[in-house]
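Q: Dumping the structure here so I can ask a few things about it.
The values are calculated or read from the model by the stated rules, or taken from the named source; none is laboratory data. All of these numbers come straight from a predicted model, not from anything done at the bench. A quick note on method: Cβ atoms are made from the backbone with ideal geometry, for glycine too, and the neighbour counts reach across all protein chains shown.
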Amino acid sequence: MNISQLKQEIISYSKVIGIDKIGFTTADTFTEMKNRLIRQQELGYQSGFEEKDIEKRVNPSLIFDQPKSIIAIALAYPSKMSESPQGKKGDRRGIFCRASWGVDYHTILREKLKQLEEFILEKVPEARFKSMVDTGELVDRAVAQRAGIGWSGKNCSIITPEFGSYVYLGEMITNLPFEPDEPMEDQCGSCNKCIDVCPTGALVQGGQLNAQRCIAFLTQTKGFLEEEFRDKLGNRIYGCDTCQTICPKNKGMDFHFHEEMEPDPELAKPRLTPLLTISNREFKDNFGEMSGSWRGKKPIQRNAIIALAHFKEQSSVPELIQVLNEDPRPVIRGTAAWALGKIGGEDASMALEHSNEKETDPDVLNEIEKAIRKTKGEV
């Protein structure tokens with residue numbers, strides 16, 4: 001077997017099946033990443049969604065028997081929506097981040113990696129693989145950076161010269177000893193736009209993210225959102241693109257190579273008020289294929305309530321009152337109370353007073369009492 005020729009054949013085949021960029025690297029330990037992860041852990045900057053064992057995140061030999069190399073892939077996704085619906089007074093809309101448009105990217109990339117595996121197995125039947133997308137042990141960005149897909153930007157995204165940072169990443173550990181590609185030089189230079197514009201200051205410095213303050217992470221949590229972040233959410237109901245849209249390397253980057261990534265405008269920018277009372281079945285039927293649905297409807301509904309408060313949307317007050325009175329989940333009731341306090345008005349004020357008399361959950365009561373004080377101009 002000529003490993004060099006096989007590498008070229010894999011690169012050619014990857015283009016045929018719609019992989020936009022491919023790179024190869026060693027299966028050596030990611031030493032620099034290990035130091036960074038330890039520091040993140042010490043600072044309490046992790047999201048909690050990651051693999052807990054740092055060693056497994058940086059040492060391929062702990063998750064694969066005798067690894068020789070890693071193949072990294074990237075697929076470019078759209079940054080612009082054709083016929084984007086516009087929200088207006090009385091008909092407000094939320095927004096899912098670009099990485100959640102279309103079919104769940106985990107599904108798309110896993111299929112591409114599976115096709116690659118099958119292609120290689122035809123050439124080398126003794127080949128072994130372990131493929132992963134986002135939820136695997138390895139740090140996708142570290143693999144992609146070392147494999148020459150792009151450089152790790154100050155916004156903590158992989159930035160490619162061809163597609164900017166609008167790329168999904170996946171990788172495959174294998175027992176085949178491919179020649180590694182050259183990592184790419186950092187091209188962020190002195191630019192700090194992403195750091196300067198981050199709504200919550202989550203980008204502590206170039207390449208260092210405090211996930212606990214990142215809106216993309218916060219929109220996926222299920223509990224009460226801390227008050228300091230509620231006003232920062234805007235109309236985002238899943239994810240955040242601010243550090244990408246500000247990036248000069250993303251200027252003019254918009255690629256529509258993959259039909260399954262195209263957004264349904266009514267799902268990517270959904271009406272907010274109907275989300276408050278959507279059933280589990282409706283949510284699954286409408287949003288189930290999107291990556292933004294992975295945590296279920298509760299965080300989306302909580303964020304939709306916060307977005308309506310952001311707009312001070314008076315027309316949503318009846319629905320918010322219904323949620324406050326009838327929803328069985330304390331987080332949703334309490335967030336509705338906060339929103340009513342922010343929107344204000346006589347109906348909201350009366351509903352809060354009424355609810356204050358019958359509510360039993362201490363967290364919800366706390367939100368109701370604060371909201372009542374707000375409607376009276378006391379805070």
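Q: Since residue 221 meets every condition but one in (1) farther than 21 Å from residue 293 by Cβ; (2) out of contact with any helix residue (DSSP H, G or I) (no Cβ under 6 Å at 6 or more places or on another chain), which condition does it not meet?
A: Exception for residue 221: condition (1).
Q: Quick check, is residue 137 crowded, with 19+ Cβ neighbours inside 10 Å, charged (D, E, K, R) and out of contact with any strand residue (DSSP E or B) (no Cβ under 8 Å at 6 or more places or on another chain)? Spell out the reasoning first.
A: Values: crowded, with 19+ Cβ neighbours inside 10 Å: yes; charged (D, E, K, R): yes; out of contact with any strand residue (DSSP E or B) (no Cβ under 8 Å at 6 or more places or on another chain): yes.
So residue 137 passes the test.
Q: Something else: Answer yes or no: is there a residue in the range 276-290 that is in a helix (DSSP H, G or I), touching a Lys or Arg at 6+ places or on another chain (Cβ under 9 Å) and aliphatic (A, V, I, L, M).
A: For the range 276-290, residues in a helix (DSSP H, G or I), touching a Lys or Arg at 6+ places or on another chain (Cβ under 9 Å) and aliphatic (A, V, I, L, M): absent.
Q: Considering (1) loosely packed, with under 14 Cβ neighbours inside 10 Å; (2) at negative phi, say which one residue 345 fails and leave the rest.
A: (2)
Q: Looking at the structure I just gave you, is residue 75 of a type in the set (A, V, I, L, M) and in a helix (DSSP H, G or I)?
A: Working: of a type in the set (A, V, I, L, M): yes; in a helix (DSSP H, G or I): no.
No, not satisfied.
Q: Next question. List every residue pair whose Cβ atoms lie under 7 Å apart, where the two residues are 6 or more positions apart in sequence or sit on different chains, the first residue falls within the range 361-379 and is closer than 18 Å to residue 309 by Cα, and the second residue, located anywhere, is of a type in the set (Lys, Arg).
A: Pairs that qualify, where the first residue is closer than 18 Å to residue 309 by Cα and the partner is of a type in the set (Lys, Arg), are 364/333; 374/342; 379/370; 379/373.
Q: Which of (1) farther than 21 Å from residue 273 by Cβ; (2) in a helix (DSSP H, G or I) does residue 377 not meet, given it meets every other one?
A: Just one mismatch for residue 377, condition (2).
Q: Out of the residues in the range 237-275 that are assigned to a helix (DSSP H, G or I) and of a type in the set (A, V, I, L, M, F, W, C), state the one that is nearest to residue 102 (Cα to Cα). Explain how you work it out, then say what you get.
A: First, the residues of the range 237-275 that are assigned to a helix (DSSP H, G or I): 242-245, 248-250, 259-261, 265-268, 273-275.
Pick out the ones that are also of a type in the set (A, V, I, L, M, F, W, C) and you get 243, 261, 267-268, 275.
Numbers: 243: 21, 261: 4, 267: 9, 268: 8, 275: 19 Å.
Out of the qualifying residues, it is 261.
Q: Given the residues 52, 89, 80, which is the only one that is over 23 Å from residue 243 (Cα atoms), of a type in the set (D, E, K, R), surrounded by fewer than 21 Cβ atoms within 10 Å (Cβ to Cβ) and in contact (Cβ under 8 Å) with a residue 40 or more places away in the chain? Even if it seems obvious, please write down each step before you answer.
A: On the way: 52 fails: in contact (Cβ under 8 Å) with a residue 40 or more places away in the chain; 80 fails: over 23 Å from residue 243 (Cα atoms).
Going through 52, 89, 80 in turn, just one is over 23 Å from residue 243 (Cα atoms), of a type in the set (D, E, K, R), surrounded by fewer than 21 Cβ atoms within 10 Å (Cβ to Cβ) and in contact (Cβ under 8 Å) with a residue 40 or more places away in the chain: 89.
Q: Give me the pairs, please: first residue somewhere in the range 121-149 and closer than 22 Å to residue 108 by Cβ and in contact (Cβ under 8 Å) with a residue 24 or more places away in the chain, second residue anywhere and β-branched (Val, Ile, Thr) and in a helix (DSSP H, G or I), beta-carbon distance under 8 Å, and either six or more positions apart or on two chains.
A: Short answer, once both residue conditions are applied: 129/120; 138/58; 139/58; 142/58.
Q: Looking at 115, 86, which is the one that is modelled with pLDDT of 95 or more and out of contact with any helix residue (DSSP H, G or I) (no Cβ under 6 Å at 6 or more places or on another chain)? Reasoning before the result, please.
A: On the way: 86 fails: modelled with pLDDT of 95 or more.
Selected residue: 115, the only one of 115, 86 that is modelled with pLDDT of 95 or more and out of contact with any helix residue (DSSP H, G or I) (no Cβ under 6 Å at 6 or more places or on another chain).
Q: Hey, does the range 293-301 have a residue that's over 22 Å from residue 232 (Cβ atoms) and of a type in the set (Phe, Trp, Tyr)?
A: Yes, some residue in the range 293-301 is over 22 Å from residue 232 (Cβ atoms) and of a type in the set (Phe, Trp, Tyr).
Q: Only one of 117, 83 is assigned to a helix (DSSP H, G or I) and more than 18 Å from the chain's Cα centre (by Cα); which? Before the answer, list the steps.
A: Details: 83 fails: assigned to a helix (DSSP H, G or I).
That would be 117, the only listed residue that is assigned to a helix (DSSP H, G or I) and more than 18 Å from the chain's Cα centre (by Cα).
Q: Related question: Count, please, the residues in the range 1-54 that happen to be in contact with a helix residue (DSSP H, G or I) (Cβ under 8 Å, 6 or more places away or on another chain), modelled with pLDDT of 95 or more and part of a helix (DSSP H, G or I).
A: So the answer is 5.
Q: If you check residue 216 against the conditions, is it among the small types (Gly, Ala, Ser), touching a residue at least 60 places away in the same chain (Cβ under 8 Å) and over 27 Å from residue 71 (Cα atoms)? Give the steps one after another, and end with the answer.
A: Details: among the small types (Gly, Ala, Ser): yes; touching a residue at least 60 places away in the same chain (Cβ under 8 Å): yes; over 27 Å from residue 71 (Cα atoms): yes.
So residue 216 passes the test.
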